[in-house]
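Take a look at the structure below.
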């Protein structure tokens, strides 16, 4: 019998499983692919997200080994409008499964790791209280979703700029990227 079963050994799932096990919860991590494996993504943690992960043992001096593209679930609007909720009862979705990929840069590693940490905190808190892990997780996830909302509207503004005045687009995209790097 397990206290926690984590399905998916990506960045968010791995960190959630590791932290739950460290806390003493009987944890099972299920991954369909053999590990280690290549992560089909850029693998970069951008902006303030990199600094928020240092207390958890991440080295800010590490450099990405290679870059490529990702397939992105486009759930930004559904998450912002609360028509898609990444948690229900004892099921908590983190990272890509939760649609936590930022508009504009499509950075997902930072939000995946952050959501893995938040899911673990919610599970631990729920084990000590009468609240559900889902309710706690959604509450803790709110600041991440607020950032996503801000960047979603900024990406819509970028799209409008591109349609109205293509010569203004390079300056607008530079400003948007700078804004995503300042996001905390």
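The values are calculated or read from the model by the stated rules, or taken from the named source; none is laboratory data. Predicted, not measured: the structure shown is a model, and the values here were computed from it. In this analysis, Cβ positions are derived from the backbone assuming ideal geometry, glycine residues included, and neighbour counts consider all displayed protein chains.
Taking the numbered list (1) at pLDDT below 90; (2) surrounded by fewer than 18 Cβ atoms within 10 Å (Cβ to Cβ); (3) more than 23 Å from residue 6 (Cβ to Cβ) in turn, residue 73 passes all entries but (3). Would you confirm, using the coordinates I've provided, whether residue 79 is touching a helix residue (DSSP H, G or I) at 6+ places or on another chain (Cβ under 8 Å), in a helix (DSSP H, G or I) and at pLDDT below 90? So residue 79 does not fit the description; no. Under the condition of being out of contact with any helix residue (DSSP H, G or I) (no Cβ under 7 Å at 6 or more places or on another chain) and surrounded by fewer than 20 Cβ atoms within 10 Å (Cβ to Cβ), the residues counted in region 92-119 number 2. When each of 176, 122, 162 is tested for being touching a helix residue (DSSP H, G or I) at 6+ places or on another chain (Cβ under 6 Å) and closer than 20 Å to residue 25 by Cβ, the lone residue that passes is 122. All but one of (1) crowded, with 20+ Cβ neighbours inside 10 Å; (2) closer than 30 Å to residue 3 by Cβ hold for residue 89; state the number of the condition that does not hold. Single failed check for residue 89: (1). Selection of region 132-184 for residues being surrounded by 13 or more Cβ atoms within 10 Å (Cβ to Cβ) and under 25 Å from residue 20 (Cα atoms) yields 132, 133, 134, 135, 136, 137, 138, 139, 140, 141, 144, 145. Of the helices (runs of 4 or more DSSP H) lying entirely inside region 95-183, the ones with 1 or more residues being modelled with pLDDT of 95 or more are found at 109-128, 133-164.
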